[in-house]
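Readers should treat all values here as calculations from the given coordinates under stated rules, not as data from a laboratory. Here the structure is a predicted model, which is why all the values come from computation and not from measurement. Don't worry about glycine lacking a Cβ; one is built from the backbone with ideal geometry, like all the others, and counts go over all protein chains shown.
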Amino acid sequence: MFKIMIQLGLSSMVFLFSALVAWYEGSNILQNVQEWESTAIFTQQLNGAVTQSNDILLVDYFIYAAKFFPTFPILMLLSGTHLLIIIGYLLFKRSQKGYAGFLSLIGILYLGISGIVANFPTNDLQTFFNLFFLLGILLTVAALAKALRSNRKKEQIPSM
């Protein structure tokens, strides 16, 4: 349990640090007026055209950072995924099938997000498409392996 708590703490710190740095790097969108149309995607979806820097939503800072400074958004994604896996492990410690379902849910969610990222109006997020797709496949395969291992263990238990 101690090792899990250490992982949870380290992943949380990496996630928070990466989020702060990505947020800072993404704030450059406020000065880059040429990128508002192609990068301020969520602002345009919710509020219409961007006319002032005050209109830009914070989530678009992360899109800008992912587009131009992808290191910390990638660290954010990886540490966030690790956090989800650890939290799922803690929640479903006693249920192998529950944990397998949790992993498959995250995997399917990531595959769906990769499809959304592939259809973004900007083409500069190919790295994130690849990363979401790869993580989605890996999590789904891990879930299947966990479920099969759980079924195999049940078959080996002698009934009385």
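Once both labels are positioned 7 Å from their Cα atoms along Cα-to-Cβ, the gap between residue 141 and residue 51 label points is 5.1 nm.
Quickly estimate the mean residue ellipticity at 222 nm for the chain, helices only: each DSSP H run with n ≥ 4 gives -39500 (n - 2.57), and the total goes over all residues, rounded to 500. Mind showing how you got there, number by number?
On the way: 7 runs with 122 residues, N = 160.
Calculated mean residue ellipticity at 222 nm is -25500 deg cm²/dmol.
Protection proxy ranking, highest mean first, for peptides 69-81, 44-56: 69-81, 44-56, where packing is the per-residue count of other beta-carbon atoms within 10 Å, averaged.
Cross-link partners for residue 97 among the aspartates and glutamates, with Cα-Cα distance under 15 Å and sequence neighbours closer than 8 places in the same chain left out: 155.
Taking the Cα centre of the chain as origin and charging only Cβ (+1 Lys, Arg; -1 Asp, Glu), how large is the dipole, in debye to the nearest 20?
Numbers: 10 positive and 7 negative charges, 288 e Å.
Approximately 1380 debye in magnitude.
Scaling the Cα radius of gyration of segment 86-138 by the globular reference 2.2 N^0.38 Å produces a ratio of 1.36.
Which translational diffusion coefficient, to the nearest whole µm²/s, is obtained for segment 3-104 from the Stokes-Einstein equation, given a Kirkwood hydrodynamic radius over C-alpha pairs, 37 °C and 0.692 mPa s?
For the chosen part, D equals 215 µm²/s.
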